[in-house]
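A quick write-up on the structure given underneath.
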Amino acid sequence: MAARIDGKAISQAIRDEVAQEVARMKSALGKVPGLAVILVGSRKDSLLYVTSKEKACEQAGIRSYSVNLPDTATEAEILEHVHKFNRDPDVHGILVQLPLPKHVREQEILGAVSMDKDVDGFHPTNIGRLAMQGRQPLFIPCTPRGCIELLLRTGVQISGKHAVVIGRSNIVGTPAAMLLQRHNATVTVVHSYTPDPAAVTRTADIVIAAAGVAHLVRKDWLKPGAVVIDVGINPIEDPSAKKGHRTVGDVHFKEACSVASAITPVPGGVGPMTIAMLLQNTVESAKRAYEFNGT
Ligand code: NAD
């Protein structure tokens, strides 16, 4: 039976560490880190994410600045806010909640965020540095960083292992693969054009599943003893659930438990880590800006 990797407990430990760092900074400098969040439109899920990020900031002592723009906001209007936060010395992280409305070019907006405040780690230069041996990105994208942190904090050896990443998106799969490589894993990426992703995944010591397909990874996709990190967040219908639906991962949890050595649940695995990593990126940014070494 696989051990359960408790993302809730691990993320709480990180949030406590962040809060301590913030308190140290406040007492030494009289300053706290600041995170600006730009939300465009009225998507319910985005609103929910933004609210939980603001709440997490407040709990950690980080000041949050938020801007809510209507669906109709132009690129120029959004850029105006990005530039304003780029100039503001009290803001150390800028987060543009994705997705943006269809008429807005996402890359234009993300590329305008100052490299020094790119706490999401999506700036092309940060991604480029992540890909290069011997270069350090200023920020590592939050969800992939959360996946690696779960492995490290549960004592999973990454170096020398074969890791398979399912999915190659800019925000999860690709940076997760680059990060695993930086930790000296041998990495294979499978995606929707891979003829037999199960056959490849079956050879993995570590699996990071980020396809966005409910229950894609079954028992026969896994090598006995594999460690499984499930990034997927997929709503499925469930008449027995309160709201008629529930959230499942990309991995069939019950089946995987009988084969894997360790696995993250959904919910309660990778999800809470993303916010914890955002807070950590913001504090690290503020420490760099103030040249403060609190530990
Ligand atoms: P995406 O749709 O941008 O990318 C999905 C990737 O999976 C693509 O590269 C595609 O080629 C691959 N894929 C799709 N079907 C496949 C299949 N049958 N076999 C192999 N590969 C397949 O998605 P994303 O933004 O990377 O998100 C992936 C999942 O992770 C989603 O469920 C999303 O909700 C979740 N997510 C969770 C968090 C978190 O904080 N926990 C953060 C971001 C995304």
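The values are calculated or read from the model by the stated rules, or taken from the named source; none is laboratory data. Treat the numbers as computed from the prediction; the structure is a model and nothing was measured. Using ideal geometry, Cβ is built from the backbone for each residue, glycine included, and neighbour counts are taken over all protein chains shown.
Some notes on this structure:
- Residue satisfying all of: in segment 232-273; of a type in the set (Lys, Arg) and exposed (fewer than 15 other Cβ atoms within 10 Å of the Cβ); farthest from the ligand (Cβ to nearest atom) among these: 242
- None of 223, 243, 219, 254 is without any contact (Cβ under 8 Å) to a residue 24 or more places away in the chain, out of contact with any Pro (no Cβ under 8 Å at 6 or more places or on another chain) and within 22 Å of residue 156 (Cβ to Cβ) except 254.
- Condition check for residue 190 on (1) of a type outside the set (D, E, K, R); (2) within 12 Å of the ligand (Cβ to nearest atom); (3) touching a helix residue (DSSP H, G or I) at 6+ places or on another chain (Cβ under 6 Å); (4) within 17 Å of residue 260 (Cβ to Cβ): one failure, at (4).
- Meets criteria (among the charged types (D, E, K, R), modelled with pLDDT of 95 or more, surrounded by fewer than 13 Cβ atoms within 10 Å (Cβ to Cβ) and closer than 23 Å to residue 259 by Cα) for residue 196: yes
- Considered as a group, the residues in segment 66-110 that are touching a Pro at 6+ places or on another chain (Cβ under 8 Å) and acidic (Asp, Glu) include one that is nearest to residue 123 (Cα to Cα), and that residue is 106.
- With a requirement of 1 or more residues that are within 30 Å of residue 196 (Cβ to Cβ) and more than 16 Å from the ligand (Cβ to nearest atom), the helices (runs of 4 or more DSSP H) lying completely within segment 102-167 that satisfy it span 124-131.
- Among the residues making up segment 81-128, those that are out of contact with any helix residue (DSSP H, G or I) (no Cβ under 9 Å at 6 or more places or on another chain), surrounded by 14 or more Cβ atoms within 10 Å (Cβ to Cβ) and more than 18 Å from residue 281 (Cα to Cα) are 81, 84, 101, 106.
- Looking across 10, 38, one residue alone is surrounded by 18 or more Cβ atoms within 10 Å (Cβ to Cβ) and outside any helix (DSSP H, G or I). It is 38.
- Applying the condition of being in a helix (DSSP H, G or I) and over 21 Å from residue 156 (Cβ atoms) to segment 193-215 and asking which residue is farthest from the ligand (Cβ to nearest atom) yields 199.
- Residues within segment 157-213 that are touching a residue at least 60 places away in the same chain (Cβ under 8 Å), among the β-branched types (Val, Ile, Thr) and touching a Gly at 6+ places or on another chain (Cβ under 6 Å), tallied: 0
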